[in-house]
Amino acid sequence: MPELPEVETIARGLHALVQGRRIADARLLTPAVLRAGRTETLPGRTVTHVSRRAKLLRLHLDHGGCLVFHLKMTGRVWVAGPGLDLPKHTHLICGLDGGDRLVFEDTRRFGYCAVFEAGEMEEWDFFRSLGPEPLETCAEDLSRRIGVRRAGVKALLLNQTILAGVGNIYADESLFAARIHPASLAAAIPESKRLQLFEELRRILLEAIAAGGSTISDYRNAYGKSGIFQDSFQVYGKKGEPCPACGRPLQAEQVAGRTSTHCVRCQKLY
Ligand code: ZN
């Protein structure tokens, strides 16, 4: 699933492609992917900018409303030139002035879109439940948020109401960087180590954005290009490979319902 750096990369690419362009028409081919609103309200609107909140992609429109996408596992939003054949699992097509088309496709159909009029998105339960952005919140605040919880640190990192945008990749990478075992109880981790965790998380997220995100299976940015941060992974998906710090084979176990790759020698269990 695309996480914060991948959705950020897509948002920046889309912004360059669609900012200032008018939506000429909207065709919803799969009504089930629309979670809220009506695509009939889109024609005539101009895209003012594109942004990301958590793992949501938002196209802001000139009347104050927005078109939102959650890509989930295999969703993609991109701009197709005129005449290009669209893929089989295309669910929404927004014709843009000039003949290009904004395309939402999703082979597995876990992703969705939603149309909000001005002020409606802020009232959306899912949006209201989202925790703070890790790149816009200081490590002290994030450390406090998990330090008071009687729950596992990995579960809290993945919990979008605690902090937004982090998934399995960046949870495993930041826990390794801070040398914290993923099954640790958050409240048992010393504050200095919790601060280190969020400093490492922020560093890794920024590096991943700079690398255009990580390409796992079929992630592509708005230009159809893949990211390269997967080349910098220390532990994610590397079960059995030598730990980059000590050389002992990395282990994988289920933590918080997700495969968690870590080093039992380097990462302390609190
Ligand atoms: Zn190690």
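The values are calculated or read from the model by the stated rules, or taken from the named source; none is laboratory data. Quick caveat: nothing in here was measured; it's all calculated off a predicted structure. Heads up, the Cβs are rebuilt from the backbone with ideal geometry, glycines too, and the neighbour counts pull from every protein chain shown.
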(message) Just the residues that are within 8 Å of the ligand (Cβ to nearest atom) and within 18 Å of Leu156 (Cβ to Cβ), please, taken from region 235-270.
(response) Gln267
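Could you pull out the residue among Thr74, Thr90, Thr39 that is at pLDDT 95 or above, under 21 Å from the mean Cα position of the chain (by Cα), of a type in the set (S, T, N, Q) and buried (at least 17 other Cβ atoms within 10 Å of the Cβ)? Lay out the reasoning, then the answer.
Details: Thr74 fails: at pLDDT 95 or above; Thr39 fails: under 21 Å from the mean Cα position of the chain (by Cα).
Only one candidate passes the filter, namely Thr90.
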(message) Given the criteria of a type outside the set (Val, Ile, Thr) and away from the ligand (no atom under 16 Å from the Cβ), does Gly165 qualify?
(response) yes
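Over 20 Å from Leu4 (Cα atoms) and either crowded, with 17+ Cβ neighbours inside 10 Å or in contact with a helix residue (DSSP H, G or I) (Cβ under 7 Å, 6 or more places away or on another chain) (or both), is that true of Gly167?
Details: over 20 Å from Leu4 (Cα atoms): no; either crowded, with 17+ Cβ neighbours inside 10 Å or in contact with a helix residue (DSSP H, G or I) (Cβ under 7 Å, 6 or more places away or on another chain) (or both): yes.
No: the conditions fail for Gly167.
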(message) Based on this model, can you work out whether Gly212 counts as within 15 Å of the chain's Cα centre (by Cα), modelled with pLDDT under 95 and away from the ligand (no atom under 16 Å from the Cβ)?
(response) yes
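Okay, residues lined up against (1) buried (at least 17 other Cβ atoms within 10 Å of the Cβ); (2) under 17 Å from Pro2 (Cα atoms); (3) in contact (Cβ under 8 Å) with a residue 40 or more places away in the chain:
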| site | (1), (2), (3) |
| --- | --- |
| Arg109 | no, yes, yes |
| Glu133 | no, yes, yes |
| Ala155 | yes, no, yes |
| Asn159 | yes, yes, no |
| Pro182 | yes, no, yes |
| Ala186 | yes, no, yes |
| Ile189 | yes, no, yes |
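Can you go through Val47, Val79, Val115 and tell me which one is surrounded by 21 or more Cβ atoms within 10 Å (Cβ to Cβ) and closer than 15 Å to Gln19 by Cα? So that I can check it myself, show each step before the final result.
Working: Val79 fails: surrounded by 21 or more Cβ atoms within 10 Å (Cβ to Cβ); Val115 fails: closer than 15 Å to Gln19 by Cα.
Testing whether each residue is surrounded by 21 or more Cβ atoms within 10 Å (Cβ to Cβ) and closer than 15 Å to Gln19 by Cα leaves just Val47.
When you check Leu29 against the structure, is it surrounded by fewer than 16 Cβ atoms within 10 Å (Cβ to Cβ), among the hydrophobic types (A, V, I, L, M, F, W, C) and without any contact (Cβ under 8 Å) to a residue 24 or more places away in the chain, yes or no?
Numbers: surrounded by fewer than 16 Cβ atoms within 10 Å (Cβ to Cβ): yes; among the hydrophobic types (A, V, I, L, M, F, W, C): yes; without any contact (Cβ under 8 Å) to a residue 24 or more places away in the chain: no.
When the stated conditions are applied, Leu29 does not pass them.
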